[in-house]
1. Somewhere in segment 356-375, is a residue open to solvent by less than 80 Å² (accessible area, probe 1.4 Å) and closer than 22 Å to Met447 by Cα?
2. Restricting to segment 47-76, name every residue that is in contact (Cβ under 8 Å) with a residue 24 or more places away in the chain and part of a loop (DSSP other than H, G, I, E, B).
3. Looking at this structure, is Pro73 over 19 Å from the mean Cα position of the chain (by Cα) and either closer than 25 Å to Gly299 by Cα or buried (at least 18 other Cβ atoms within 10 Å of the Cβ) (or both)?
4. Just one of the numbered conditions (1) on the phi < 0 side of the Ramachandran plot; (2) touching a residue at least 24 places away in the same chain (Cβ under 8 Å); (3) out of contact with any Pro (no Cβ under 6 Å at 6 or more places or on another chain) is not true of Phe119; which one?
5. Would you confirm, using the coordinates I've provided, whether Asn217 is within 30 Å of Trp123 (Cα to Cα), loosely packed, with under 13 Cβ neighbours inside 10 Å and modelled with pLDDT under 85?
6. What residue, among those in segment 449-466 that are under 21 Å from the mean Cα position of the chain (by Cα) and under 20 Å from Lys523 (Cβ atoms), is most open to solvent (accessible area, probe 1.4 Å)?
7. Name the residues in segment 138-164 that are open to solvent by 70 Å² or more (accessible area, probe 1.4 Å) and more than 22 Å from Tyr448 (Cβ to Cβ), would you?
8. Restricting the search to segment 381-402, which residues are open to solvent by less than 60 Å² (accessible area, probe 1.4 Å) and not in a helix (DSSP H, G or I)?
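The values are calculated or read from the model by the stated rules, or taken from the named source; none is laboratory data. Bear in mind the structure is a predicted one, so any value in this text is a computation, not a measurement. Note: ideal-geometry Cβ built from the backbone for every residue, glycine included; neighbour counts use all protein chains shown. Accessible surface areas use protein heavy atoms only, side chains included; no ligands, DNA or RNA. Shrake-Rupley method; radii C 1.70, N 1.55, O 1.52, S 1.80 Å.
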Amino acid sequence: MKIIDQHTKKIMEDCKVRARDAGLCFDNESLEYIVTNQDLIELSPKGMIPTLYDYWVNDVETLKGKGQYKLYPHNPYETVINSRPAISYYNDNNPDWLNIMIFYHVIGHIDFFQNNILFEHTWSDDFVGKALADKRHIAQLRSQHGRWVDYIIEFSRSIDNLTGYFTELSIRNFPQNMEPTDKLRYYFDEFLPKETLANIGKIYSEIERYNILLESNDMVAESMFFSDIKSKHPEFESKFQKYKDIRKERSIDIMDFIRDNSPFLKRDENQWMKAVINIVRDTSLYFAPQIRTKTINEGWASYWHDELFRKDDRIKGHESEYSVINAKVTSISRVGYNPYAIGLRLVQYIESLADAGKISREYQLILNSERRDEFNKISGKGKEALFNLRSQFSDFMLINTYVDQDFVDLHKLFVVGERLNQQRGTVEYYVKSKKAEDYKRMLIDNMYHPPFITIDTEKSNDKKLFLKHHFEGKQLYKPYINDTLLGIEYLWFGNIAQGEVILETTDIIKRKGSEDSVSFEYKPIHYIISNKKVSKRYL
């Protein structure tokens, strides 16, 4: 791996100037490396972060990558990572004209990383530098604790898809002075409705009384408010204290809760494990927005490499070669899902809608298809809509908002089904649906959606950890449940379990009936692990 030469760097810098003139916004500094196939195979398991901590699974993935490359040699044209400065990697055999196209694509990604709100928590950090410090820390811990470091990494990584990414993001933007104190939250959310059985009118009148005190003297409002409460409800203080004792510290996610409340991790000799959990959790949070913006990010970068390169005079003489490469990257896959293709088509679709003034209530109220086709306000706000899209949208928002019947019909999209041809003994593909709602559902089902699992703090204590899976129509992947619970049990109790971990979830069970009719039912179930043995109990 080596830095690109000055000639190629000059090409990149010229691309930056033209991209900024078109409206893209990004930091001045960037690093570009020429990499070999061997480099790419070794970097891929680490998410292209060269300084990420060492872990045996990465070595396995590298060996797997080498084997795959021997059978199917291929490489991406580029890879870019969200760092400060942004780092991108390129093949060592690209001609200059191809590098120009690729640089525009990379600049599109960098612009997206540095302006999309989902990446906000990464804007002030240099993750590559942080990862290097983490890598050295883990190496030091490994020299002291040996293989136990890898056990903690493995157990932590088994639940790193459960990090509260959106919760963490919302906390960053929540004004701290608007957060009520624990006592106020307990009084309005717990004591009034549950202890005094106050109705909603009484609760609102109490809130109003507190607000009046706050407006008159915010420094002493809370103490004045509760002095009156204590005279009316002498038991309030003792109940609040009991509530505080039972209630664990507010946690963002399962990893956060286990790290702060595990009786095993609280022991002095196990404090180092918390550092490992933090590293795994921080790494997961760093990659979270990239997973959730794959389609829109690739669509945005593809839009700009096409927009800028076709207007660049350096394309002359290479138009045909460019069209072939661009078509390979952005062609719609009739079977399967190409995020470059769908993302690009949606970005172009939204620009055309905005240019015609169709992103408006006036247009949405038109139901006649001919009038909808003829509608054109020539607003010229296409680019403005796109930059708003780039700043505010995730994949789900993009697809859920803009995949409609007009879009599906425009690009002749359809959902593909599979069926067995018994006579030929082959699998056939057929057009299953051309409805927008079905196509949208197919795209959404392809998106990343980790299970929503929380800790029931009321039912958890030093002898029991109670996990609750909030069922959203999909059951947990059963082959992973036992091993995941094994890791959680260790992180909560240690090697010798002194209690149990309970996971409450819902299984989808095939209902017994005739062979011709197949039906399913939802059955709540507890998965319980104690002393490394998992049992099940239907509720």
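1. So far as segment 356-375 goes, no, none of its residues is open to solvent by less than 80 Å² (accessible area, probe 1.4 Å) and closer than 22 Å to Met447 by Cα.
2. Selection gives Gly47, Met48, Ile49, Pro50, Thr51, Leu52, Tyr53, Asp54, Tyr55, Pro73, Asn75, Pro76.
3. It is false that Pro73 is over 19 Å from the mean Cα position of the chain (by Cα) and either closer than 25 Å to Gly299 by Cα or buried (at least 18 other Cβ atoms within 10 Å of the Cβ) (or both).
4. In the conditions (1) on the phi < 0 side of the Ramachandran plot; (2) touching a residue at least 24 places away in the same chain (Cβ under 8 Å); (3) out of contact with any Pro (no Cβ under 6 Å at 6 or more places or on another chain), Phe119 misses (3) alone.
5. Values: within 30 Å of Trp123 (Cα to Cα): no; loosely packed, with under 13 Cβ neighbours inside 10 Å: yes; modelled with pLDDT under 85: yes.
In short, no.
6. So the first thing to find is which residues in segment 449-466 are under 21 Å from the mean Cα position of the chain (by Cα), and the list is 449-455.
Imposing the further condition that a residue be under 20 Å from Lys523 (Cβ atoms) reduces the set to 451-453.
Numbers: Pro451: 45, Phe452: 106, Ile453: 26 Å².
Out of the qualifying residues, it is Phe452.
7. Within segment 138-164, the subset open to solvent by 70 Å² or more (accessible area, probe 1.4 Å) is 140, 143-144, 147-148, 151, 154, 157.
Passing the criteria: Gln140, Ser143, Gln144, Arg147, Trp148, Tyr151.
8. Let us first name the residues in segment 381-402 that are open to solvent by less than 60 Å² (accessible area, probe 1.4 Å), namely 382, 385-387, 389-391, 393-395, 398-399, 402.
Within segment 381-402, Phe393, Ser394 qualify.
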